[in-house]
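Notes follow once the structure below has been shown.
The values are calculated or read from the model by the stated rules, or taken from the named source; none is laboratory data. As the structure is a prediction and not an experimental result, all values here were calculated from the model. Counting neighbours? That spans all protein chains shown, and the Cβs are built from the backbone with ideal geometry, glycine included. For accessibility, only protein heavy atoms count, side chains too; no ligands or nucleic acids. Shrake-Rupley method; radii C 1.70, N 1.55, O 1.52, S 1.80 Å.
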Amino acid sequence: VNALLGKRGTPLPIYAHNQDDERFRSLSYHQVTEAREIKAGEWLTIGPWQVSFCQTEHPVYCLAMRFSNQAQTKHLVYTADTYWSDDLVSFSGGADVLLCESSLYDEGQARQSGHMTPSLAGRLAREAKVKELILTHLPHFGDHQELMKQAKGQFDGPVHLAETGLIIEI
């Protein structure tokens, strides 16, 4: 809208995969937004970050993201929607923060849904040797403190639940 009103000089970039060409092209709108393709295994500079991508285990094509500072000394990994994958272990390796989806309690059928349980998130954090785990994409039911307990059963580091207004310092 700002571009149409003359308040924005350049289109707002929207980064997305191009597995559905029609939807990807729809992200570019007049001079307001501009679709920019991302691919697994690729590195891009977005603002102050070097960002890389890893395909996840999900019924719909999805990419995890690794944000690293320019000096490659600080890293945040966001798993996006995914089930367990050995590729995610190496992709997440040594991250300061792992923002990991945990859509189901341990009793859930994670493999069929393409989503993680808290124990799997904790295992990923442990095996990837990350410093801190934040569970996100939480279920809409149950006691979320149980998610924390289940994740802590696999990971000895700090575990938090994502919440509105959470600020992460790396």
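Quick one: Debye curve from the alpha-carbon atoms of the chain only, equal weights, vacuum; give me log10 I(q)/I(0) at q = 0.15, 0.18, 0.20 Å⁻¹ to two decimals. With one equal scatterer per Cα and no solvent, log10 I(q)/I(0) is -0.88, -1.12, -1.27. Test of understanding: in a Gaussian network model of the chain with alpha carbons linked when under 10 Å, which of Pro158, Pro48, Pro139 would top the mean-square fluctuation ranking? Comparing Pro158, Pro48, Pro139 in the GNM, the peak value goes to Pro48.
GNM remark for the chain: springs join alpha carbons under 10 Å apart, and the peak mean-square fluctuation among Thr82, Thr73, Thr136 falls on Thr73. Report, ordered by chain and residue number, the lysines lying within cross-link reach of Lys149, taken as a straight Cα distance under 18 Å and ignoring same-chain residues fewer than 8 apart. Excluding near neighbours in sequence, the set is Lys131. Output the 0 to 90 degree angle, nearest 10, between the alpha-carbon long axis of helix 118-127 and the longest principal axis computed from the alpha carbons of the chain. Approximately 90 degrees, to the nearest 10.
Note down the nm distance, to one decimal, between modelled labels 7 Å out along Cα→Cβ at Asp87 and at Glu107. Between Asp87 and Glu107, the simple spin-label model gives 3.3 nm.
Measuring from centroid to centroid over Cα atoms, what is the spacing of region 127-170 and region 48-121 in Å? Here the two parts' Cα centres lie 13 Å apart. Counting Lys and Arg as +1 and Asp and Glu as -1 over every other residue whose Cβ lies under 10 Å from the Cβ of Thr56, the net charge comes to -4.
Assuming charge only on the beta carbon of Lys and Arg (+1) and of Asp and Glu (-1), the dipole of region 13-170 about its Cα centre is about 320 debye to the nearest 20. Placing +1 on the Cβ of every Lys and Arg and -1 on the Cβ of every Asp and Glu, with no other charges, gives region 1-92 a dipole of roughly 540 debye about its Cα centre. Of the solvent-accessible surface of the chain, computed with a 1.4 Å probe and all protein chains present, 51% belongs to carbon and sulfur.
For the pair His140 and Thr45, the difference between a 0.36 nm per residue extended length and the Cα-Cα distance amounts to 30.7 nm. Per residue, the solvent-accessible area of the chain (1.4 Å probe, heavy atoms of protein chains only, all protein chains present) comes to 57 Å².
I need the Debye-formula profile for region 99-157: one equal scatterer per C-alpha, no solvent, reported as log10 I(q)/I(0) at q = 0.13, 0.23, 0.26 1/Å, two decimals. After summing over all Cα pairs, the log10 values are -0.26, -0.82, -1.03.
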